[in-house]
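Chemist: My questions all concern the structure below.
All of the numbers you see were taken from the coordinates with simple rules; none came from a lab. Computed from a prediction, not measured in an experiment: that's the story for all the values here. With ideal geometry, Cβ positions are generated from the backbone for all residues, glycine too; neighbour counts draw on all protein chains shown.
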Amino acid sequence: MDLLEGLRIALGSLIANPLRSFLTLLGVIIGVAAIISVVAVINGLNLYVQEKIIFLGPGTFEVSRFGIITNHKQFLEAIRRNRDLRLADAEAIRERSPLAEKVAVKVYGMGDVRYRGQSVRSTTLKGITHEILQIEQYELDSGRVIVEDDCDRAAAVAFLGADIAEELFGSIDPVGKEIKIQGRSFEVVGVGARRGSVFGQSRDNYVLLPISTYQKIYGSRATISIVVRVADPRDLEVAMDEARAVLRARHHRRYDEPDDFGFVSAEALNNLWKDMSRMIFQVALFVVGISLVVGGIVIMNIMLVSVIERTREIGLRKATGARHRDIRRQFLLESVVLAASGGLIGVAIAYLLTLAIRAFSPLPAAFPWWAPALALAISSAVGIFFGLYPAAKAARLNPIEALRSEA
């Protein structure tokens with residue numbers, strides 16, 4: 001019996017009992033659909049992180065009080081040990097780091113923004129130096145950006161995010177209008193282009209102020225973040241070492257003491273995300289693996305039942321010249337076809353789930369087009385592994401006893 005004949009018999013057996021076949025495949029279908037859906041979400045998140053979350057480009061790093069914190073213990077240690085960063089720290093890096101092409105500063109706060117009868121509560125306020133707009137992704141929609149002269153004069157000017165401009169002004173051009181922040185008047189000089197949202201959280205809900213103006217309102221006690229860009233991205237690590245040496249000297253850290261500040265770079269964020277996504281995938285793989293094992297056990301049980309039901313057929317084939325390996329290959333092929341069919345159904349369900357996740361949740365999802373091959377490989381492996389015992393049992397049947405069977 002050739003391969004095509006074996007496939008024809010296997011598909012015929014599958015179609016002959018559709019309900020039993022579907023119930024048999026349920027575990028494999030759920031397992032394959034789940035693992036591909038998880039892969040689709042992680043794949044989408046990878047693209048999302050690259051596009052929207054990792055805002056630091058190549059050759060750019062940020063120095064802050066905390067850096068990247070991955071657990072509660074690190075946070076408590078940083079609270080106890082790390083010092084607030086000041087404008088003088090940024091100035092020291094600018095003066096003493098030869099590789100630092102641009103050094104910018106930003107500080108965060110919250111406040112209410114008003115225009116006549118309209119108001120937006122709990123808006124993100126950022127005090128910045130003008131270099132920030134040359135380093136980070138703030139594209140201009142109208143007006144102008146905050147410039148060096150604004151920072152030097154502590155000018156009462158503001159640069160609005162698209163959401164703030166829309167909520168306060170609607171279709172009116174905000175440039176030149178006067179808004180109030182914490183009861184103080186500011187002239188709107190520009191509006192940023194829309195940047196979209198991250199996991200349902202808007203990236204356009206901000207107001208940028210000159211850092212000197214911000215500190216006049218809120219004081220200079222809040223810690224700052226220092227953003228540094230180097231001319232050649234290959235010099236990034238050396239530039240970070242220069243900044244580390246400058247800050248450690250300013251903070252009087254001994255050689256055996258850890259840094260009392262932290263670094264953030266695109267590479268560090270990428271590595272953090274890769275570790276997180278790897279852990280998510282491993283946990284998901286373990287959970288899905290249980291479903292596939294259960295599905296494989298069900299397939300094995302059904303194949304054993306099939307061996308019993310077809311005992312006379314097996315005896316007849318052996319009596320007419322079928323060899324042990326022919327019988328074993330036939331039942332193994334049926335097991336693989338059964339499992340692979342479940343895998344393909346799982347792929348179809350995973351594709352629909354990916355569309356639903358993208359449409360009805362803030363989670364990004366990108367269906368991986370290599371998923372059908374992965375599904376076929378996984379489900380076929382399940383079919384082979386759990387079909388070996390039933391196939392071997394069918395091949396070992398004595399043809400004379402099989403022909404006498406009443407099954």
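Chemist: Helix 324-360 versus the longest principal axis of the chain: what is the Cα-based angle in degrees, 0 to 90, to the nearest 10?
Modeler: Tilt relative to the chain: about 30 degrees.
Chemist: Considering only the chain, what is the antiparallel percent among its DSSP beta bridges, to the nearest 5?
Modeler: The answer is about 80 percent antiparallel.
Chemist: Taking neighbour counts of Cβ atoms within 10 Å as a proxy for exposure, in what order, fewest first, do Trp369, Trp273 appear?
Modeler: The order, fewest Cβ neighbours first, is Trp369, Trp273.
Chemist: Based on DSSP H runs of at least 4 residues, each adding -39500 (n - 2.57), what is the mean residue ellipticity at 222 nm of the chain after dividing by all its residues, to the nearest 500 deg cm²/dmol?
Modeler: It lands at -18500 deg cm²/dmol.
Chemist: Follow-up. On C-alpha positions alone, give me the angle between the axis of helix 3-16 and the longest principal axis of the chain, in degrees, nearest 10.
Modeler: 80
Chemist: Rounded if a/c is under 1.5, else prolate if a/b beats b/c, else oblate: with a ≥ b ≥ c from the C-alpha gyration tensor eigenvalues square-rooted, which is segment 153-238?
Modeler: Because a/c hits 1.5 or more and a/b fails to exceed b/c, segment 153-238 counts as oblate.
Chemist: Quick one: if you stick a label point 7 Å off each Cα along the C-beta vector at Leu344 and Leu87, how many nm between them?
Modeler: The two pseudo-label positions are separated by 6.9 nm.
Chemist: Separate question: What angle do you read, to the nearest 10 degrees and between 0 and 90, between the alpha-carbon axis of helix 371-395 and the longest principal axis of the chain?
Modeler: Between the helix axis and the principal axis of the chain, the angle is about 30 degrees.
Chemist: Give the label of the value calculated from the structure for Rg and Dmax of the Cα atoms in Å, choosing from [x] 53.5, 234; [y] 32.3, 103; [z] 24.5, 85.
Modeler: Computing Rg and Dmax of the Cα atoms in Å and matching it to [x] 53.5, 234; [y] 32.3, 103; [z] 24.5, 85 gives [y].
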